[in-house]
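Single-structure report; data block below.
The values are calculated or read from the model by the stated rules, or taken from the named source; none is laboratory data. Here the structure is a predicted model, which is why all the values come from computation and not from measurement. Note that we place each Cβ from the backbone using ideal geometry, even for glycine, and neighbour counts take in every protein chain shown.
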Amino acid sequence: MLFLYLLLFIFQYLYLNYTFNKKNRNIVKTPYTYTLKDNIEHSATIYRTNRNKKKVIFIFSGAYSLEYHFYISKLMYDLDMEYKILMENYELICYEKPNKTSFDIYDDVHNYILHLDKELNKIEELIFIGFSAGGVVASHIMQRCKNMKCRKKIITYDTPWQVHENVDYFKDNLIYRFDILFFWKVHDVYSNHYNYNDIKQHLVNKKWNSGSKEITQIIKSIHNCSFEEFYLMTGFNFDQTEDTEVYNIYSTEDPFVIREPHDKFVALNKYKIKFFNKNIEKNTIGHCSDMALSTSYLTDIITILFSNKNYIA
C-alpha cells in the first residue's frame, strides 16, 4: 500500500512541477542582502506581493534548504485567485536561500522579519506556513520573534515535528530507503553551501547507500555540535509565547511522514506545550502535494487564518 501512496505522490509532484505553470502576477521577485554576526554579506531572494500590509504570511519550504517550490507557488496563486478580496489585507512572502541549510537559517529569516517590521511600521499579525521540515523551521524562527507584540500563528503542513527521528525510521527498511534520498539532498545542499571551501572536507566520505547515520555525522561535523544540539535543531521548538496558535495539518496517508515517531515526540514534550495547539487530520494521500489537482486544501488554511482558537476540524 505504501508504494501506491508513493506512486500517487510522484504523479502529484510531477503535475505540480511540470504542468502547473501559472504565473502569479502579484508576486514580485527581489534580492535581499544582509550581514549577520559572522560579518559575511549574505543574499536571499524574496517572493512578495508588496501590498505593504501589516498582516504577513511567510511560507517556508521543506527538504533541506528554503526554496520557492511549486507547491508554494501554487499556494500563493490559489490564495490570490480563490480568496482575492481576503488576501488584499495580507502580505504573502516566500524567503528563498538555497545555499544555506534550513536548520542554519533561523537568524537569517529573523533578520529579514525585523527589517520588514521597521518597513511596515510594526507587523500586526505574523503567520508562518511551513511545509514538511519547513514547519520545524517555522517554529524556530517564531521562537526568535517572541518579543514582537503581534498576533502569531504557525501552520505546519505534513510536518514531522522531529525530522531526524522521521528520517531515521527508514534506515532499517530493506527497500523503501527514504533516508538515502534525503542524504543526497543534504549532501547536495552542503556541496553548494555559501562556505563550501570551509566544509568540503566533511563531504568526502559518501556511498551510494549512505543514509540517516551519515546525515547525522555530516551535520554534527559541519556545525560542530553535539547530538543533543543536533536533535534540538531538527525538532519543533516548543518555546513559544502562550498566545501563539499552532495548527498541524497532515494527510493520513503520507509516504514520507511516519506518525508514530511524531506522536511519540509530541507526547514526550507535552508539558512544554503552553500554547494553543490543534491537529487537523485530512483523509488524503500525498506529502505537501494534495493541492495538485484542486483548491479544496485551502479550506483548512483559510479557516485557520480567520479563526481565534475556536477552529473545529
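Residues that are more than 24 Å from I280 (Cβ to Cβ), over 11 Å from the mean Cα position of the chain (by Cα) and touching a residue at least 24 places away in the same chain (Cβ under 8 Å): does segment 127-138 have at least one? Within segment 127-138, none of the residues are more than 24 Å from I280 (Cβ to Cβ), over 11 Å from the mean Cα position of the chain (by Cα) and touching a residue at least 24 places away in the same chain (Cβ under 8 Å). Taking the listed residues F183, F170, the one that is at pLDDT 95 or above, under 25 Å from L268 (Cα atoms), within 23 Å of the chain's Cα centre (by Cα) and crowded, with 17+ Cβ neighbours inside 10 Å is F170, with no other qualifying.
The rows are residues; the columns are (1) modelled with pLDDT of 90 or more; (2) closer than 26 Å to Y194 by Cβ; (3) surrounded by 10 or more Cβ atoms within 10 Å (Cβ to Cβ); (4) in the same structural domain as I285 (by TED's automatic domain parsing).
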| residue | (1), (2), (3), (4) |
| --- | --- |
| L6 | no, no, yes, yes |
| F9 | yes, no, yes, yes |
| Q12 | yes, no, yes, yes |
| L16 | no, no, yes, yes |
| T19 | no, no, yes, yes |
| K23 | no, no, no, yes |
| N26 | yes, no, yes, yes |
| K29 | yes, yes, yes, yes |
| Y34 | yes, yes, yes, yes |
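Against the conditions (1) surrounded by 13 or more Cβ atoms within 10 Å (Cβ to Cβ); (2) closer than 23 Å to F236 by Cα; (3) without any contact (Cβ under 8 Å) to a residue 60 or more places away in the chain; (4) touching a strand residue (DSSP E or B) at 6+ places or on another chain (Cβ under 8 Å), E281 satisfies every one except (1).
Of everything in segment 42-82 that is free of Cβ contacts under 8 Å to residues at least 60 places away in the same chain and hydroxyl-bearing (S, T, Y), the residue that is surrounded by the fewest Cβ atoms within 10 Å (Cβ to Cβ) is S43.
Take the conditions polar (S, T, N, Q), touching a Ser or Thr at 6+ places or on another chain (Cβ under 7 Å), over 20 Å from S296 (Cα atoms) and at pLDDT 95 or above and apply them to T101. Does it pass? Yes.
Out of curiosity, is S226 at pLDDT 95 or above, crowded, with 17+ Cβ neighbours inside 10 Å, farther than 14 Å from D104 by Cα and in contact with a Lys or Arg (Cβ under 8 Å, 6 or more places away or on another chain)? Taking the combined requirement at face value, the residue does not satisfy it. In summary, helices (runs of 4 or more DSSP H) completely within segment 101-218 and bearing 1 or more residues that are more than 30 Å from T252 (Cβ to Cβ) occur at 106-119, 134-144, 178-191, 196-199. Comparison of V109, V136 shows that the only residue that is surrounded by 21 or more Cβ atoms within 10 Å (Cβ to Cβ), farther than 22 Å from L298 by Cβ and in contact with a Gly (Cβ under 7 Å, 6 or more places away or on another chain) is V136. Residue check: S251 meets all listed conditions (1) farther than 16 Å from A138 by Cβ; (2) among the hydroxyl-bearing types (S, T, Y); (3) surrounded by fewer than 17 Cβ atoms within 10 Å (Cβ to Cβ) but one, namely (3). Residue check: is Y196 among the hydroxyl-bearing types (S, T, Y), outside the structural domain of N248 (by TED's automatic domain parsing), surrounded by fewer than 21 Cβ atoms within 10 Å (Cβ to Cβ) and closer than 30 Å to L116 by Cβ? So Y196 fits the description; yes. Figure legend. Inter-residue proximity from segment 165-192: first residues touching a residue at least 12 places away in the same chain (Cβ under 8 Å) and among the polar types (S, T, N, Q), second residues surrounded by 15 or more Cβ atoms within 10 Å (Cβ to Cβ) and assigned to a helix (DSSP H, G or I), beta-carbon distance below 7 Å, spacing 6+ or different chains. Indicated pairs: N166/P261; N166/H262; S191/L203. For first residues located in segment 206-222 and closer than 14 Å to K185 by Cα, partners that are in a loop (DSSP other than H, G, I, E, B) and among the basic types (K, R) and lie 6+ apart or on another chain with Cβ distances below 9 Å form the pairs N209/R177; G211/R177; E214/K206; E214/K207; I218/K206. For segment 5-36, name all the residues that are within 22 Å of Y176 (Cβ to Cβ), touching a strand residue (DSSP E or B) at 6+ places or on another chain (Cβ under 9 Å) and among the hydroxyl-bearing types (S, T, Y). Scanning segment 5-36 gives a single hit, Y5. For F131, the test of being under 19 Å from F9 (Cα atoms) and in contact with a Ser or Thr (Cβ under 7 Å, 6 or more places away or on another chain) is passed.
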